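For reference, the structure discussed in these notes is given below.
Since every read-out is calculated from the coordinates, none of them should be taken as a lab result. Note that this is a predicted model, so its numbers are computed, not measured. Heads up, the Cβs are rebuilt from the backbone with ideal geometry, glycines too, and the neighbour counts pull from every protein chain shown.
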Amino acid sequence: MASAIPGPRDLPESRYDLSSYWGRVKHSADVSDPRMLLITKKKLEEAKALVSDYKNGKIMDMTPQLWTSKKILDSTIHPDTGEPVFLPFRMSSYVLSNLVVTVGMLTPNMGAFGTLFWQITNQSLNVAINTANSNKSHPLTTQQLATSYAMAVTASCSVALGLNSLVPRLKSLSANSRLILGRLVPFAAVVSAGVVNVFLMRGEEIRKGISVFDADSGEVVGTSKKAATFAVGETAISRVMNASPIMVIPPLILVRLQRKFKMTKPIETVTNLGLILATSFVALPFALGVFPQRRTVDVTRLEKRFWSLKNKEGKPITKVQFNRGM
C-alpha cells in the first residue's frame, strides 16, 4: 500500500469515503482491479517516487496522476513490509487465481478423487493468499505453516467427502432437492475450511498480538491480542461473504439452464466458467468492503493498558489503528 512509503506527510486514505460501505466497495474495486497486474516494474517505481514526493512535501496537492500512483501501490505493495505482494496472490489477481480452482470444485458429478484434488488445490491457494496478505507483525514459521495447511486441507476434504456421501442417502428428499444440495456441497466445504484456514494461518497474530498505532499521529503504541482477534475474525467473515455468492449462484443457475436446454459438456463448462467469472468480479469488492483494511477502534475495545496512553503532547489517545490484512 501507499502507506508503506516513508515520509512525514500522510496521503489521504482514499479518494472515496471509507466510513461508508459504498465508499469501501469502490475503494476495494480499485485495489482488486485486474488491470493493475499489467503494471511494469518501471511504472511501480514511478508511482513510488510520486507518492514519496507528496509525502515529503515536494508535491502539495492530490492530482489525478497521484491518485493513480496510490492505486498502483495499494494494489501491489504490502502495507507492513513495503514490498510487492507476489503477483498471483495479490487482490488484483484474486479472481483470476481462483477461477480455475472454483470451476474445478463446482464441476458436477465429480468422484472422490476429483473432490479431494480440487479441495486440496483450493486450500493450497487459500494458504498462499492468506499468508501473502496477512498482517506481518508475527510471521509463521515453516513448521507452523505446514501444520496449519495440513489442518485446513483435512477440514475441507472431510466436509466435502462427508456431505457428498450423505446427500444421496437423504431418501426423504426429492431427486431435484438432492441434486441442488449436491451442487452446494463445495460451498459448505469452502466456507467451513475457509474460516478454519484464516484462523490457522493467522493464529500467531491472535496468540502474540499485532501492532497498533495512534490514529492521529501514526506512532506505534503497542501490541494487542484483541486487535488481532478483530483483524482475523473480520477477515474470515469477508472470506465467507466473498465465497457465498460465487459458490452458490453459478451452480444454481447452471441447474436451471441444464433443465431448460440440452447442454454438451463443452457448453456446460464454458457456461459455468462465464457464470463464475461474472459473479466473482461483482462479489469481490462487496466482500472486501465489508470491513476497512486499516481499522480504527476506540482504545476501550482493547486491553486495559491502552486506556490511559498519552501521545507526545500529553493528550490522551482515544483511538488506535491497525492493519486488518485482506
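Computing FRET efficiency as 1/(1 + (r/R0)^6) for ILE237 and THR296, where r is the C-beta to C-beta distance and R0 is 30 Å, gives about 0.95. Computed over the chain, the per-residue total of -39500 (n - 2.57) for DSSP H runs of n ≥ 4 gives a 222 nm mean residue ellipticity of -20000 deg cm²/dmol, rounded to 500.
Picking from GLY203, GLY57, GLY182, which is most flexible by a Gaussian network model of the chain using Cα springs under 10 Å? Per the Cα network of the chain with a 10 Å cutoff, GLY57 tops the list.
Placing +1 on the Cβ of every Lys and Arg and -1 on the Cβ of every Asp and Glu, with nothing else charged, gives region 11-100 a dipole about its Cα centre of roughly 200 debye.
For VAL282 and ALA128, the difference between the fully extended length at 0.36 nm per residue and the C-alpha to C-alpha distance is 53.2 nm.
One Cα centroid belongs to region 288-326, the other to region 1-49; the line between them spans 22 Å. Comparing SER32, SER177, SER75 in a Gaussian network model of the chain, where Cα atoms under 10 Å apart are tied by springs, the biggest mean-square fluctuation is seen for SER177.
Taken as Cα centroids, region 73-135 and region 250-283 sit 21 Å apart, rounded to the nearest whole angstrom. Computed from the C-beta positions of LEU173 and PHE117 and an R0 of 25 Å, the FRET efficiency is 0.35 to the nearest 0.05. The dipole here belongs to the chain: it is taken about the Cα centre, uses +1 on the Cβ of Lys and Arg and -1 on the Cβ of Asp and Glu, and is about 800 debye. Here the gap between ASP10 and ALA150, fully extended at 0.36 nm per residue and compared with their Cα-Cα distance, gives a gain of 46.3 nm. Could you compute the longest span of the chain free of GluC sites (Glu not before Pro) located in DSSP loops and having at most 16 other Cβ atoms within 10 Å, not counting the site residues? Longest stretch, sites excluded: 1-218. Within region 1-102, the trypsin sites (Lys or Arg not before Pro) that combine a DSSP coil assignment with at most 12 other C-beta atoms in a 10 angstrom radius are ARG9, LYS58. Of the trypsin sites (Lys or Arg not before Pro) found in region 277-315, those that fall in a DSSP loop while having at most 10 other beta-carbon atoms within 10 Å are LYS312.
Computed extension gain for LYS304 through LYS262, at 0.36 nm per residue and net of the alpha carbon distance, reaches 8.7 nm.
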